[in-house]
Structure formats: structure tokens, C-alpha cells
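*Asks:* Here you go, one structure.
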Amino acid sequence: MARAAQRDHGGGIDAAIALHGGERADWLDLSTGINPRPYPLTDIAFESWTALPDARAMARLVEAARRFWQVPDGADILAAPGASALIAQIPYLAPPSRVRIAERTYNEHAASFRMAGWEVTQEQAEAVAIVHPNNPDGTFDQGTTARFLVIDESFCDIAPERSRIKEAALPGRIILKSFGKFWGLAGLRLGFAMAEPPLINALKERLGPWAVSGPALEIGAKALSDETWAAATRATLSQDASRLDALMGRGGARLVGGTSLFRLYDVADAATRFDALARQHILTRIFPYSRSWMRVGLPPKTAWERLESAVARAFDP
């Protein structure tokens with residue numbers, strides 16, 4: 001059986017260590033776009049670890065999600081072990097045909113559709129998958145429609161007013177939400193799909209029972225109910241994004257896009273800058289389709305001086 005090609009992603013600390021040495025604790029990972037100030041965890045009920053996840057815990061999580069994202073009444077919600085788990089299953093909800101997916105976007109969508117027998121194109125097609133805002137350039141979609149439309153809003157919690165969640169009940173629409181990025185708890189593995197009931201039921205059958213762990217149900221329900229934290233976090237992320245722009249600008253980087261969770265810069269020779277930072281144990285993100293783009297996530301509040309010093313050395317002409 002042929003091995004699937006490895007997809008290009010952020011977060012490759014193990015590979016970076018193999019090339020540039022150090023221990024995991026030595027590295028500053030700015031390659032993922034995950035909030036470096038995560039939602040604060042409190043004690044988790046012992047039963048969440050020891051018992052199979054129950055229906056009441058799932059119902060609390062789904063209700064919290066419905067309130068937080070203002071999901072329309074005609075749409076159902078499915079919680080899953082990460083948005084990626086949903087992306088892998090969505091192409092099987094319709095007969096394989098042609099799907100339009102941008103070349104410069106999150107690559108799991110194209111990979112999953114190809115795995116399910118679809119033809120991926122940048123031309124017109126009855127099925128479309130978009131990332132809103134797009135990863136890595138941060139652009140918001142301008143109202144794309146299709147008979148079968150996937151709208152990946154993994155980074156949209158930084159700008160809830162731009163969400164297309166009101167479309168979740170329309171036939172053939174699927175809205176995806178990621179919990180790990182905005183709340184900074186990617187290791188929890190929690191994501192959501194919102195769509196008309198037949199699509200959600202089909203996805204639920206594909207995921208099987210107990211797809212979400214007990215701790216994820218408990219933490220997710222609490223975090224999604226904390227509107228105060230979400231509002232404060234949006235303000236903090238915006239301030240930190242502006243600070244990062246100023247820092248990178250002093251090194252000669254030019255802002256070309258991004259969100260308040262990650263920034264995209266033109267740095268002329270991205271591979272050289274990437275290696276210069278990696279030698280200082282700072283991991284960023286570059287792309288196979290661009291020689292000049294570098295994506296940089298926000299550092300934790302204790303690492304700003306380290307990053308400023310590293311950028312000054314890496315970008316020294």
C-alpha cells in the first residue's frame with residue numbers, strides 16, 4: 001500500500017530539533033498560529049477522566065457552542081476531536097466530483113478531497129472549500145456560494161462579526177470551527193461542524209461513538225461560556241499582532257496579510273530567514289509555493305525580547 005505524501009504544516013519541532021539541535025524546551029514555536037495565552041485550566045472532574053463521555057456532558061458543550069457562535073436553530077452541531085478530523089470525513093458526504101480549492105490555503109482540505117476520489121481544481125465547480133479567514137494570508141471570503149460548500153472558520157473567532165454562521169442551516173453548507181487556536185488548547189483536540197441535520201447525522205455516523213473525550217467536553221463547555229475572556233483575548237491579540245508587526249518591520253519584513261493570531265510577511269528570501277531563526281531555536285513557517293512569504297505566530301509574553309534579538313540577528317544585512 002502506497003504511503004500518503006506528508007503534508008506541509010507548522011509545528012514540526014521534532015524535525016527542527018533534528019536539524020538544529022536543542023531540546024523541546026529550548027525552542028520557541030511560532031509556526032502554528034495558536035494563541036500563546038491559552039484559556040486558563042481549572043480542576044477537571046475525576047469522572048471526566050474515568051467514565052465514558054456521557055450524553056449530558058455533550059449536550060452542555062453543544063449548547064455552549066450554540067450560544068457562543070449564535071448557531072441558527074435550523075442547524076445542528078457536531079463536536080469532534082479537532083477540526084482536522086472533520087475535514088478528513090467531509091468529502092465522503094457527497095459523490096466524488098470536482099471541488100474548487102485555492103492553491104494558497106490550508107492544505108488538508110485538498111488532501112482530504114483527493115483521498116476521497118475528488119478532482120481538486122482552481123476553476124468553477126459545484127463543490128467549494130474555503131478557509132475564512134484564509135490561512136496564511138488572512139483574507140476573508142467575499143460570499144462564495146456552491147451546491148456543496150465547506151466554510152472553514154478555524155481562525156474566525158478573532159473577528160466574530162465576519163462569521164458566516166448564519167448560513168449553517170442552508171442546504172449543502174458546512175461551517176467548521178476550531179477550538180484549539182483561539183483558546184490556545186490545541187492539544188485538547190476539539191472542533192465543531194455546523195450544518196443541516198442530514199449532513200451532521202452523516203458526519204456523526206462516520207466519527208462513531210465517544211469521539212470527544214470527557215475532559216474536552218468539560219473544558220470546552222466552560223470556555224465557550226466565558227464571553228468575558230473571549231472579548232479580552234481579542235483585544236490582547238490585536239495589540240500583540242501590532243507589536244509583532246513593528247518588531248518584524250524593524251528587520252525589514254513587509255506585512256502582506258494574516259490575522260491577529262498569525263502574521264504573514266514578505267521577507268525576500270524566506271528560506272534564508274527561516275534557517276537563521278531556526279539556528280536560534282525559533283521556528284516560523286514558510287511555504288513551498290512562495291520564496292518570500294514567512295508566517296509568524298505571536299510569542300508568549302515572556303519571549304518578546306528573545307524574539308526581537310533573534311530577528312535583529314537573522315535579518316542583519
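*Asks:* Work out the charge dipole of region 110-213 with +1 on the Cβ of Lys and Arg and -1 on the Cβ of Asp and Glu about the Cα centre, then indicate which of W183, A169, T144 is farthest towards its positive end.
*Replies:* W183
*Asks:* With a probe of 1.4 Å, find how much accessible area region 112-155 has per residue, and write the answer as a whole number in Å².
*Replies:* Averaged over the residues of region 112-155, the accessible area is 42 Å².
*Asks:* What's the carbon and sulfur percent of the chain's accessible surface, probe 1.4 angstrom, rounded to a whole number?
*Replies:* Of all accessible area on the chain, carbon and sulfur atoms account for 52 percent.
*Asks:* Dividing the Cα radius of gyration by the Kirkwood radius, what Rg/Rh value follows for region 170-294?
*Replies:* Radius of gyration relative to Kirkwood radius: 1.08.
*Asks:* Using only Cα atoms, locate the centre of region 165-234 and the centre of region 93-112, then give the distance between them in Å, rounded to an integer.
*Replies:* Rounded to whole Å, the Cα centres lie 21 Å apart.
*Asks:* Tell me what the chain gives for mean residue ellipticity at 222 nm when only DSSP H runs of n ≥ 4 count, each as -39,500 (n - 2.57), the sum divided by the residue total, rounded to 500 deg cm²/dmol.
*Replies:* Helix contribution divided over all residues of the chain: -10500 deg cm²/dmol.
*Asks:* How far, in degrees from 0 to 90, does helix 227-250 lean away from the longest principal axis of the Cα atoms of the chain, to the nearest 10?
*Replies:* 30 degrees
*Asks:* Work out, step by step, the length gained on full extension between T50 and R306: first 0.36 nm times the residue separation, then minus their alpha carbon distance; give nm to one decimal.
*Replies:* 88.0 nm
*Asks:* Using 0.36 nm per residue of separation minus the Cα-Cα distance, give me the extension gain between T228 and A15 in nm, one decimal.
*Replies:* Full extension of this stretch gives 72.9 nm more.
*Asks:* Continuing with the same structure: Give me the lysines in straight-line cross-link reach of K166: C-alpha distance below 20 Å, same-chain residues under 8 apart excluded.
*Replies:* Once the sequence-local lysines are set aside, what remains near K166 is K177.
*Asks:* Binned at 10 Å from 0, what are the whole-percent values of the Cα-Cα distance distribution for region 164-235, short to long?
*Replies:* For region 164-235, the binned pair fractions read 17, 42, 35, 6 percent.
*Asks:* Still on this model: D for the chain, whole µm²/s, Stokes-Einstein with Kirkwood Rh over alpha-carbon pairs at 4 °C and 1.567 mPa s: what number?
*Replies:* Reported coefficient: 63 µm²/s.
*Asks:* To the nearest 10 degrees, how steeply does helix 197-207 sit against the main Cα axis of the chain, on a 0 to 90 scale?
*Replies:* 70 degrees
*Asks:* Also, quick follow-up: Classify region 68-206 as rounded, prolate or oblate from the Cα gyration tensor: take a ≥ b ≥ c as the square roots of its eigenvalues, call it rounded if a/c is under 1.5, otherwise prolate when a/b beats b/c and oblate if not.
*Replies:* rounded
*Asks:* Counting only GluC sites (Glu not before Pro) that sit in a DSSP loop (anything but H, G, I, E, B) with at most 16 other Cβ atoms within 10 Å, what is the longest stretch of the chain containing none of them?
*Replies:* 127-317
*Asks:* Could you work out how far helix 214-224 tilts from the main Cα principal axis of the chain, as a 0 to 90 degree angle to the nearest 10?
*Replies:* Once rounded, one gets 80 degrees.
*Asks:* Please compute the Kirkwood hydrodynamic radius over region 36-130, one decimal place, Å, based on all pairs of different Cα atoms.
*Replies:* Evaluated on region 36-130, it is 16.4 Å.
*Asks:* Right, another one. Note down the relative contact order for the chain as a percent, whole number, built from C-alpha pairs under 8 angstrom at least six residues apart.
*Replies:* 24 percent
*Asks:* Cross-link partners among lysines for K181, C-alpha distance below 21 Å, same-chain residues fewer than 8 apart left out?
*Replies:* By straight Cα distance, K181 reaches K222, K301.
*Asks:* E63 to S238: FRET efficiency via 1/(1 + (r/R0)^6), r the Cβ-Cβ distance, R0 25 Å, to the nearest 0.05?
*Replies:* Efficiency, rounded to the nearest 0.05: 0.30.
*Asks:* Assign one of three labels to region 252-317, namely rounded, prolate or oblate, based on the Cα gyration tensor with a ≥ b ≥ c the square roots of its eigenvalues; rounded applies when a/c is under 1.5, prolate when it is not and a/b is larger than b/c, and oblate otherwise.
*Replies:* oblate
The values are calculated or read from the model by the stated rules, or taken from the named source; none is laboratory data. Note that this is a predicted model, so its numbers are computed, not measured. Virtual Cβ from ideal backbone geometry, glycine too; neighbours counted across all protein chains shown. When the accessible area is computed, the model is the full protein with side chains, heavy atoms only, and any ligands, DNA or RNA have been set aside. Shrake-Rupley method; radii C 1.70, N 1.55, O 1.52, S 1.80 Å.
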